[in-house]
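Here is the structure we will look at, set down as structure tokens.
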Amino acid sequence: MTQRTINGVSIECIQGDIANQPDMDAIVNAANAELHPGGGVAGAIHHAAGPGLDEECRPLAPIRPGQAVITGAHNLPNRHVIHCLGPVYGVDEPSDKLLADCYRNALRLAEQNGLGAIAFPAISTGAFGFPLESATRIAMATFVAEIPRLESVKRIRCVLFQSPDLKIYDRLLGEVAR
Ligand code: ADP
């Protein structure tokens, strides 16, 4: 685990399950366009949240790559779920910009809702095929760029499922903030 503070905002990287982050106000879903349960992160979040989340999502879908929408968290221990549609790598272009849009739009939604703590998975790096290291650089650069605008958000947590992924996050967080 690595933790750094930039302008009073903490960024931390941990290994874990995005659906089990009880101390976070919001968790981010690596959603699909239809906001359906599916597999990976979306499957874990919908499974833990229960069918009420799927019902709340239905009228909000479809969403576009880079877009983020916010819902309640239902049976999850959080206040909200922020659903982001990451780009499919090599298909939704420009992938870099669309991935940055996800992180920026999710942070702005958290801010607009007065949330203090938000946890992100590694959006687009599973089924959507984005190389983890490039995706991590985009996530970190977007956090650093957005932090000066944040007032309510004080904690950003990156939750990695796999330990090799956490190592990459730890290294790149160390590079953006020493
Ligand atoms: P995408 O479709 O945006 O690529 P995925 O859900 O397939 O999203 O995967 C995104 C990343 O989340 C992958 O790196 C995967 O290893 C990781 N992941 C899968 N399940 C979980 C979970 N329960 N908590 C945190 N990360 C997860």
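Quick notes on this one:
- Spin-label pair ARG64/THR5, simplified geometry with 7 Å Cα→Cβ offset, distance in nm: 3.9 nm
- Whole-percent carbon and sulfur share, accessible surface of the chain, 1.4 Å: 51 percent
- Over the chain: helical MRE at 222 nm, DSSP H runs n ≥ 4 each giving -39500 (n - 2.57), nearest 500: -11500 deg cm²/dmol
- Computed from phi, the 3J(HN,Hα) profile of the range 27-34 under the Karplus parametrisation 6.51, -1.76, 1.60 (θ = phi - 60°) reads 10, 9, 9, 7, 7, 9, 4, 7 Hz, with x in place of Gly and Pro.
- A Förster radius of 41 Å combined with the Cβ-Cβ distance from GLU93 to LYS167 puts the calculated FRET efficiency at roughly 0.90.
- Using a simple spin-label model with pseudo-atoms 7 Å out from Cα toward Cβ, ALA145 and GLN15 lie 3.1 nm apart.
- Normalised by the number of residues in the range 1-140, the mean separation of alpha-carbon contacts (under 8 Å, six or more apart) gives a relative contact order of 26 percent.
- Summed over the residues of the chain and divided among them, the accessible surface reaches 43 Å² per residue at a probe radius of 1.4 Å.
- Size descriptors for the range 2-176, from the alpha-carbon set: Rg then Dmax equal 14.5, 41 Å.
The values are calculated or read from the model by the stated rules, or taken from the named source; none is laboratory data. Here the structure is a predicted model, which means the values were calculated and not measured. With ideal geometry, Cβ positions are generated from the backbone for all residues, glycine too; neighbour counts draw on all protein chains shown. Keep in mind that these areas ignore ligands, DNA and RNA; they rest on the heavy atoms of the full protein, side chains included. Shrake-Rupley method; radii C 1.70, N 1.55, O 1.52, S 1.80 Å.
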